[in-house]
Protein chains: 2
Amino acid sequence: MATLGDIGVAATINILTAIIFLLAFAILRIQPFNDRVYFPKWYLKGIRSSPLHSGALVSKFVNVNLGSYLRFLNWMPAALKMPEPELIDHAGLDSAVYLRIYLIGLKIFVPIALLAWSILVPVNWTSEGLQLAKLRNVTSSDIDKLSISNIERGSDRFWTHLVMAYAFTFWTCYVLMKEYEKVAAMRLAFLQNEQRRPDQFTVLVRNVPADPDESISECVEHFFLVNHPDHYLTHQVVYNANDLAALVEQKKSTQNWLDYYQLKYMRNQEQRPKIKTGFLGLWGKNVDAIDHYIAEIEKLNEQISEERKKVKKDDSSIMPAAFVSFKTRWGAAVCAQTQQSSDPTEWLTEWAPEAREVFWSNLAIPYVSLTVRRLIMHIAFFFLTFFFMIPIAFVQSLASIEGIEKHAPFLKSLVEKDLVKSFIQGFLPGIVLKLFLIFLPSILMVMSKFEGFVSLSSLERRAASRYYMFNLVNVFLGSIIAGSAFEQLDSFLKQSANQIPRTVGVAIPIKATFFITYIMVDGWAGVAGEILRLKPLIFFHIKNFFLVKTEKDREEAMNPGQINYHATEPRIQLYFLLGLVYAPVTPVLLPFIIVFFALAYLVFRHQIINVYNQEYESGARFWPDVHGRIISALIISQVLLMGLLSTKGAAQSTPFLLVLPILTFFFHRFCKGRYEPAFLRHPLKDAMVKDTLEKAREPNFNLKPYLQKAYIHPVFRDDHYEDSRFDDMSSYCVEDSDDECVTVPTKRQSRLNTPAASHVSRGSSRSPPSKC
Amino acid sequence: MATLGDIGVAATINILTAIIFLLAFAILRIQPFNDRVYFPKWYLKGIRSSPLHSGALVSKFVNVNLGSYLRFLNWMPAALKMPEPELIDHAGLDSAVYLRIYLIGLKIFVPIALLAWSILVPVNWTSEGLQLAKLRNVTSSDIDKLSISNIERGSDRFWTHLVMAYAFTFWTCYVLMKEYEKVAAMRLAFLQNEQRRPDQFTVLVRNVPADPDESISECVEHFFLVNHPDHYLTHQVVYNANDLAALVEQKKSTQNWLDYYQLKYMRNQEQRPKIKTGFLGLWGKNVDAIDHYIAEIEKLNEQISEERKKVKKDDSSIMPAAFVSFKTRWGAAVCAQTQQSSDPTEWLTEWAPEAREVFWSNLAIPYVSLTVRRLIMHIAFFFLTFFFMIPIAFVQSLASIEGIEKHAPFLKSLVEKDLVKSFIQGFLPGIVLKLFLIFLPSILMVMSKFEGFVSLSSLERRAASRYYMFNLVNVFLGSIIAGSAFEQLDSFLKQSANQIPRTVGVAIPIKATFFITYIMVDGWAGVAGEILRLKPLIFFHIKNFFLVKTEKDREEAMNPGQINYHATEPRIQLYFLLGLVYAPVTPVLLPFIIVFFALAYLVFRHQIINVYNQEYESGARFWPDVHGRIISALIISQVLLMGLLSTKGAAQSTPFLLVLPILTFFFHRFCKGRYEPAFLRHPLKDAMVKDTLEKAREPNFNLKPYLQKAYIHPVFRDDHYEDSRFDDMSSYCVEDSDDECVTVPTKRQSRLNTPAASHVSRGSSRSPPSKC
């Protein structure tokens, strides 16, 4: 069991790591040649221009102003300075609300920590349970003196913990409700203030039934002309352009190689670069690289234009789905919320996602297939969760002093040294767990894609909830019970229902030190590492050196990244879970969690302002999930406290504690009914208000051309080829700003420069965030 | 343990009882003076007129045609003769679909029984598990020789049961899916063929926000004029007329007494009847009864008209709810399915129930109160379920031979007699259980009312699902585990998750004989008793003698009753559960269940054709519940079989059996997605078709006056007083037929004579069906 000293060592290491990261960041960010890595958001918004264009040669690359080194922490107040409304304008509602998750953490845990330290810690500290236990040869660490372990069996002092559990629950619920209310209001205000956007008028129709006499397009037009006669405006069918997208992607990669060799040749004009045409350039005929890639691109261009012709001509490449646009937002709101046909598997309508967050390749999946895919993915996730344990269990047994001594006896003398021992106990278990979790979000994302969701936000939400489940079982329970998930499942099945909380509950105080080190590794050092952006930094300089020819190339090389909700949110939830579980048990853990939330809030606020560029905007659509998961953490904490107390001879408190989860569950039901519709449905009143306002403001606006080409598969949009069918297809974003900037100063110009979501359309999983 | 002989006695008793009931019915029904008891439906439809009006004096009361006594069973083919479409016209879709529940029972269990008897029974019979067990002094009955108990531990023969479980599951799911498909199609066709009805154009709006400047009515009008400008037609506010309804009810009862004394006086004109004015007429001043009641009615009339004036003038008696009517069905469908305001607790819209099934007093409950009420009722139901056990456990211990010998030793010599012993063991446990369950549906109905549902069909559905839960815990599990529900809960909490199915599973074969007798008592004799209509028969003759003065009085005295879905459907579900659980375990039980389903189908078909008069028509809205409960019975049966087999040393079959509940669950999810929307939502296409057809057929129909008064509180409708505000308020039903009969021959004339649902509006629970 780790002692206070171990924790001190771990804390020192992690604080040092964090400080090194922050220092490195402070130095790197003020170097002009890193400017695009640390401030890409401003470049994309067009506000900041390259520092390379002005000043002396040296100062173009290295910051020689020594004064700025002294103010190396000044990014912190700067990150906090921007007020929330401006932040919403700057980075979108998703980002602003995402930050509120950290704020909620502070709002919940700061008062809880104050209360716990002023009441629970003295109560625990003045007890003598551990001294009594020591007589029976039970060892304990100093931290246990501050925890519930120090209370004697059957003591009346447990009533304090019971009352505190009530206080914590009520405070958490209060904060959650206020926050839900606030976020719902923010979402509604955001949607209400938004500029005209095609998705406001558009509904995605799936499972258009096949008709032998009509094409899909005619069928859609007739159906909506008949059933929404006063509101239907136009529609766009969806092409199955997956092959075309693959070709375009291939061409892009070939173009990269061509750029690389051309740059190489420019720098060293004596020798034309050569490559081998065989596998990975290892063997085969030796040819001139530039000529080879030019020829390749020629060939691909031909293939692409052929494929494009095929897609256009072949009716079978039209998928049974369409984007149907209406004359008013009211008409679209009606169509999105109602059932069209008496067969609920046909003419499925839903509000269209933003054009840039459509996941194109899933649009054609038929109804039955969706059910089957869901079943398969549920089962696959079950196995993933419960058989992923093999490596974790192995590594965790390895990463203990005993494990190392057993498996690597030659290290015995080393690990017996105090400092190394503390390092292994305090640092290693956290870091190995962390390493395992890096690749998981991408796997879960692929699973969500297979399941058939049609928008990026829904894909991310599903992946996030799976990731949370995984974390709960494998990280939280897995670390507490210290066994593989499958062993847990097996033992849970064999235990009685009221025994499970006891088994877990008893282990909780024991594992406090483990989680403290976990928080420091993952929470402190990890977050500080996030701000350094080491991976994008390296990649940017590599690309900048090898590939960048034009300003546009440089913009593409920036890779600002984004929040990656599906990978980061479930991890934050783990801190909520730990905080709520440990609040009544081992309040010592709370300050560590508060530091995490504060630091993460600061870092992510800075990143959101200066770095991240969101691929899409869902209007905080993820909030009900966040809320639900905090509620579930609260219920888990209550049940585990019940289990713990019942083993502590305080069984008389069980009925009082039993009330808490029931009340919490009904609080959840209430919040769900009261606030969730704001995230799911589209009130007609709001649609009508916007329609009316807009009609008054621009009575002669012609909506049809504006909507006609809004939902175009990105491969058609990216293309530079002339085409009779797609030639006037500029991205809708550009149109948007063209139309809107004149009348109202647009607050959302950032869209203008959003990198096209083309890689998404190919079904590839997005690269994990640099934090991972 | 009951032997084959015991079951034989029970069967004889029950078959005799059933035959006596059927014979009594056969004789009673052909007596002309019972005609209104056994054929009220035809009177209400106006097709049959009183047999009292013609023929000789004797034959007016007693059937003297001996030939008709010989054909005493001819109601059976007659009940089967009417084809389903005609039945739907005659009795409504609810009744026709309700009968299909029995049919499903036959469709599921006849093939299962054939398969089980041809494969499972021989496999069980030829085993020797019980003979081996007998060597260890385990007693067993003959029935056990046919059941799974006869298979030796660890025998390979269990694979037969496993394969059969798969076969049963697939067959049940197949039947369920076909049936769901059929019922959904029937519902859609029914809704599509319906006449114009006000509820097709009307939406119920609840939680209208209070506005200091506008009345509720103005507020509603403005809101819908703004947000549904092309579709809004008119609206009706809802008055809080609960006090008025109570007064009207009181007047009706006083009127009954007046009628009674007037009739008494007419028959015996020598003496004017006297009553005492005190408590229950037991003491107080002696006054002339007729004068007293005439004065009472005068007084009530005054109070009523005062209350009516108060309701009309006082704005506080207008509830924050309204029935909003639209110009088209399309407009109503849109409004019912969309969210109106961004605050999801305001302007809640739902499709308006038929006017006669509105539960008026619940219309004004605000949103938060609904959540709290739901919580309270969930908790109350939990306690009802788990503390109702005290009487059941007591009586069940009493009703055993041992219990009687212990508690009433003087009966020992009597109960030791073979016949009496068999009677006690075979008959009593079933009947005591039955008695307990009589009053439960009414309690559950009151609970649903408190919970705040606004239509009778939703009240009944909620009460039904609670009743099912209750039956599952207290009748099924309670009889199997033979302990109070609370004891079960306690032991389940203390048992491990995989131990529970074992505990229950092991007890299943043992309890087969108990359930066989239960089926005979409740299923056979009970259903045969239903056709006799003993309670309505007696009440009709009492009322006819004491109260009836006019033809209208006689019509009211008929009390045709109705299906009482909330009390009967959960009981049918118990048979599905028993059948599915015992099919692979003790197939002997299946024929008993088949007899039940066949008999019940026959009886209820007869009753629906000749007797019942449904208060409302929900269009088979209850089917998803029926389907879901059969699915849950199927899953329970699979889990219990798994538990049973694992105790039989056939644990290797567990993984194979584990697949079944998962598949079944996903089958349920599939069906839910595929068919349930037909019962919940209102496809716009269908609405548009009906609108278009109707416009073509009656281009000049004026909808507004037709809808203006459709949703009037029944107390205003029943009233005969002149009133400036309500004077032209004839019931919408009459209007309906007036308007419709001219243009299209109405198939739904039965509405014309539907007894006004006035007693419902007062929140009283409806009387339990005569079967109870």
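The values are calculated or read from the model by the stated rules, or taken from the named source; none is laboratory data. In this text, all values refer to a predicted model and were calculated from it rather than measured experimentally. Don't worry about glycine lacking a Cβ; one is built from the backbone with ideal geometry, like all the others, and counts go over all protein chains shown. Heads up: the accessible areas ignore ligands, DNA and RNA and are worked out on the full protein's heavy atoms, side chains in. Shrake-Rupley method; radii C 1.70, N 1.55, O 1.52, S 1.80 Å.
Values computed for the structure shown
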| read-out | value |
| --- | --- |
| Restricting the stretch A:564-668 to trypsin sites (Lys or Arg not before Pro) in coil, as DSSP defines it, with at most 12 other Cβ within 10 Å | none |
| Values of log10 I(q)/I(0), in the order q = 0.16, 0.23 Å⁻¹, for the stretch B:198-242 under a Debye, Cα-only, solvent-free model | -0.47, -0.92 |
| Mean Cα-pair separation over length for the stretch B:560-706, i.e. relative contact order, pairs under 8 Å, 6 or more apart, % | 27 |
| For the stretch B:527-631, the fraction of alpha-carbon pairs in successive 5 Å shells from zero, as % | 2, 10, 15, 18, 17, 13, 9, 7, 4, 3, 1, 0 |
| Lysines whose Cα lies under 26 Å from that of B:Lys274, excluding same-chain neighbours fewer than 8 positions away | B:Lys251, B:Lys252, B:Lys264, B:Lys285, B:Lys299, B:Lys543, B:Lys549 |
| Inter-copy spacing of A:Phe387 label points, which lie 7 Å from Cα along Cα→Cβ, given in nm from shortest upward | 4.9 |
| For the stretch A:261-357, projected area of the alpha-carbon convex hull averaged over all directions, nm² | 12.1 |
| Exposure ranking of A:Leu534, B:Leu130 by accessible area [1.4 Å probe, largest first] | A:Leu534, B:Leu130 |
| Residues of the stretch A:344-391: accessible area per residue with a 1.4 Å probe, Å² | 39 |
| Surface accessible to a 1.4 Å probe, B:Phe545 within the full protein complex, Å² | 110 |
| Cβ-Cβ FRET estimate between B:Phe383 and B:Leu658, R0 fixed at 35 Å, reported to 0.05 | 0.55 |
| Cβ crowding within 10 Å averaged over residues, with A:307-313, B:200-206 ranked highest first | B:200-206, A:307-313 |
| Reach of B:Lys178 by Cα under 26 Å, taken over lysines that are not fewer than 8 positions away in the same chain | B:Lys81, B:Lys107, B:Lys672, B:Lys685 |
| Percent carbon-and-sulfur accessible area, the stretch A:556-614, ignoring ligands, DNA and RNA, probe 1.4 Å | 65 |
| Portion, in percent, of the accessible area of the stretch B:141-289 that falls on carbon or sulfur, probe 1.4 Å | 53 |
| Approximate spin-label separation A:Asn544-B:Ile538, in nm, with each point projected 7 Å along Cα-to-Cβ | 9.8 |
| Shielding by partners, peptide B:678-685 (average Cβ within 10 angstrom, other chains) | 6 |
| Per-residue ³J(HN,Hα) for the stretch A:189-198, Karplus 6.51 cos²θ - 1.76 cosθ + 1.60, θ = phi - 60°, Hz, x for Gly and Pro | 5, 4, 4, 5, 8, 5, 5, 4, 9, x |
| Label distances, nm, A:Leu658 versus same residue in remaining copies, Cβ-directed 7 Å point | 3.0 |
| Placed amide H near B:Leu233: partners under 5 Å, 5+ positions off or other chain | B:Ser325, B:Phe326, B:Lys327 |
| Rounded to whole Hz, the Karplus (6.51, -1.76, 1.60) HN-Hα couplings of the stretch B:206-215, x for glycine and proline | 10, 6, 5, x, 6, 10, x, 9, 10, 6 |
| Probe 1.4 Å - accessible area at A:Trp171, Å² to nearest ten | 90 |
| Chains A and B, summed buried accessible surface - 1.4 Å probe, Å², nearest 100 | 4000 |
| Accessible-area order (highest first, 1.4 angstrom probe) of the listed residues A:Leu578, A:Leu370 | A:Leu370, A:Leu578 |
| Teacher prompt: B:Tyr265 distances to equivalent labels in other copies, 7 Å Cα→Cβ, nm | 12.2 |
